[in-house]
Amino acid sequence: MKQILQNCYGSFKTINICESVPVLEYLKEQELHKFTIKQVNHNEFLDLQNAYTFMDINRSPIAGYSPLKGTHFRSSGGLKISDAKEKINGSFIVEETRIIYDAMQPFFKERDAFVYGGNTYYTEMSMLGLLKEELQKKRQLLIYMGQKIDRENCKSTELFEEVSEEEFLLYASVPTKGEEAITRRRYF
C-alpha cells in the first residue's frame, strides 16, 4: 500500500492506495474539482501524520489537477507534473492518450496557476515516481517543439517530437535535456 496525506485544515487524513493504482489517477477519481500534491521527506510525512494542529509544508507542488479550461494542451488546468525544486525545466502534461513535455515553465508558475488551488495532499513520492506511474498506461510520449504558422490560412500547428519511454524519462531526470528542448524549439 502507498500512503498519501490529505490536509484537512487542522489534521491530516491518511489515505491508503493500492500499489497497482497510480496516485494521480486515484485522486482524479476521488476529487471532482482540483488538487495539488506536495512532496515531503519521511520525517515530515510522519510529523504531518501525527499533527493535531494546523501545519503546512510551504513548498511548490509536484503535481496539480483542475478541469481543463480550454482544448489546447497549454490551457490552464488539466493534470500536470513539475519538479518543485525547478532543477528539471517545465511541466509534464498528462492527457488520456498522450503525455507532453513542455520545457518552458513549471505549471505552478503559469499565469493561471491559481486554478490548481483545491485540496492539498502530501506524498513521499518524487515527481519522477509520479510520472513513472503515469507511464504504466500506454500513451504517446511527446516533446513540445514549438509552432508552425500557416500564413495563408492564419492557423498555427503545434510541433511535437515523439520519443521512446527511455528518452522521455531523461527529460524528467536530466536537467540539460530540458534546456536542449528549449534551444531546439521552433516558431515559424
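The values are calculated or read from the model by the stated rules, or taken from the named source; none is laboratory data. As the structure is a prediction and not an experimental result, all values here were calculated from the model. Glycine also receives a Cβ, built like all others from the backbone with ideal geometry; neighbour counts cover every protein chain displayed. Each accessible area value is taken on the protein alone, full model and side chains, heavy atoms only, with ligands, DNA and RNA left out. Shrake-Rupley method; radii C 1.70, N 1.55, O 1.52, S 1.80 Å.
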Item to complete: Please give the solvent-accessible surface of Thr71 in Å², to the nearest 10, using a probe radius of 1.4 Å with every protein chain present.
Response: 150 Å²
Practice prompt. Filter the GluC sites (Glu not before Pro) in the range 1-109 down to the DSSP loop ones having no more than 14 other Cβ atoms within 10 Å, then list what survives.
Written response: Glu19, Glu86, Glu95, Glu96
Discussion item. What do you get for the angle between helix 175-184 and the principal long axis of the chain? Use alpha-carbon atoms, 0 to 90 degrees, nearest ten.
Written reply: 30 degrees
Worksheet entry | As computed over the range 138-188, the Cα convex hull volume per residue (Å³) | 70 Å³
Practice prompt. Would you kindly find the accessible area of Met125, with a 1.4 Å probe and non-protein molecules such as ligands, DNA and RNA excluded, rounding to the nearest 10 Å²?
Written response: 40 Å²
Worksheet item: Using the C-alpha atoms of the chain, what convex hull volume per residue, in cubic angstrom, is computed?
Response: 119 Å³
Discussion item. Test of understanding: in a Gaussian network model of the chain with alpha carbons linked when under 10 Å, which of Ser11, Ser126, Ser76 would top the mean-square fluctuation ranking?
Written reply: Ser11
Practice prompt. Choose one answer from Ile100, Ile143, Ile57: the residue with the largest mean-square fluctuation in a GNM of the chain with alpha-carbon springs under 10 Å.
Written response: Ile57
Worksheet item: Of the accessible area of the range 1-159, with the probe set at 1.4 angstrom, what percent is carbon plus sulfur?
Response: 49 percent
Item to complete: Compute the FRET efficiency between Asn43 and Glu86 as 1/(1 + (r/R0)^6), taking r as their Cβ-Cβ distance and R0 = 22 Å, and round to the nearest 0.05.
Response: 0.45
Practice prompt. Determine the principal axes of the Cα atoms in the range 1-82, then give the extent along each, sorted from largest to smallest and rounded to whole angstroms.
Written response: 42, 29, 21
Item to complete: Can you tell me the dipole magnitude for the chain around its Cα centre, using point charges on the Cβ only (Lys, Arg +1; Asp, Glu -1), in Debye to the nearest 20?
Response: 440 debye
Discussion item. Based on the alpha-carbon set only, what is the convex hull volume of the range 67-156 divided per residue, in Å³?
Written reply: 121 Å³
Worksheet item: Once amide H atoms are placed 1.01 Å from N in the peptide plane, what residues at a sequence separation of 5 or more from Phe160, or on another chain, have their amide H within under 5 Å of its amide H?
Response: Met145
Worksheet item: Which residue fluctuates the most in the chain, going by a Gaussian network model with Cα springs under 10 Å, if the choices are His42, His72, His33?
Response: His72
Response to the item:
Result for the chain: accessible area per residue, probe 1.4 angstrom, in square angstrom, of 54 Å²
Worksheet item: So which of Lys38/Lys132; Lys80/Lys132; Lys80/Lys148; Lys85/Lys109; Lys80/Lys177 end up more than 22 Å apart, counting from Cα to Cα?
Response: Lys80/Lys148
